[in-house]
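Below is one structure; the comments refer to it alone.
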């Protein structure tokens with residue numbers, strides 16, 4: 001079952017109300033919320049058993065939606081900037097320098113030789129049609145982290161998500177219908193500062 005405009009409006013309403021949804025992405029079902037809503041982000045992290053110090057991935061429909069979260073890219077090599085743009089929309093998450101005013105619950109302390117960059121943020125412009133449509137409906141990038149406890153297998157279908165959430169009632173307020181794309185693995189993660197592939 002694909003997400004209809006009605007489903008997308010419902011999902012956007014839930015997110016804008018400060019609550020959490022599950023939705024399909026390229027490889028797995030994800031948990032999402034308004035990235036500026038600290039309580040919603042903390043609810044997702046508690047559900048996953050994940051520390052806030054690890055940061056979260058933001059998923060967007062276009063570059064304009066990630067601009068409020070990232071620092072100017074001119075601190076990066078020109079060839080790296082070209083590589084980033086060539087990979088999007090697509091199944092690649094980039095670790096980029098974060099703006100200084102981005103909420104701390106979204107970022108991660110950067111540990112690299114470039115001391116000019118203190119905080120980083122993980123972002124991806126998705127090619128998944130339902131996930132992109134959801135971001136457009138919400139008019140913002142969204143938190144995107146796999147719908148599972150940290151260290152446990154990810155979930156690929158609505159049925160798997162529903163069964164999992166039976167153990168955690170009242171933690172997710174809406175499941176957006178849709179099918180994950182055929183990507184066999186979660187998105188590749190690349191540190192844009194060092195060029196290292198992290199996953």
Just for the stretch 144-171: of the residues that are in a loop (DSSP other than H, G, I, E, B) and touching a helix residue (DSSP H, G or I) at 6+ places or on another chain (Cβ under 8 Å), which one is surrounded by the fewest Cβ atoms within 10 Å (Cβ to Cβ)? 168
The stretch 1-12 - residue that is at pLDDT 95 or above and surrounded by 15 or more Cβ atoms within 10 Å (Cβ to Cβ) and, of those, farthest from residue 35 (Cα to Cα): 7
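Can residue 23 be described as modelled with pLDDT of 95 or more, within 14 Å of the chain's Cα centre (by Cα) and not in a strand (DSSP E or B)? Let's see the steps before the verdict.
Numbers: modelled with pLDDT of 95 or more: yes; within 14 Å of the chain's Cα centre (by Cα): yes; not in a strand (DSSP E or B): no.
In short, no.
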Would you point out the residue of the stretch 172-199, among those that are at pLDDT 90 or above and closer than 14 Å to residue 155 by Cβ, that is surrounded by the most Cβ atoms within 10 Å (Cβ to Cβ)? 176
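The values are calculated or read from the model by the stated rules, or taken from the named source; none is laboratory data. Since the model is a prediction, treat every value here as computed from it, not as a measurement. A quick note on method: Cβ atoms are made from the backbone with ideal geometry, for glycine too, and the neighbour counts reach across all protein chains shown.
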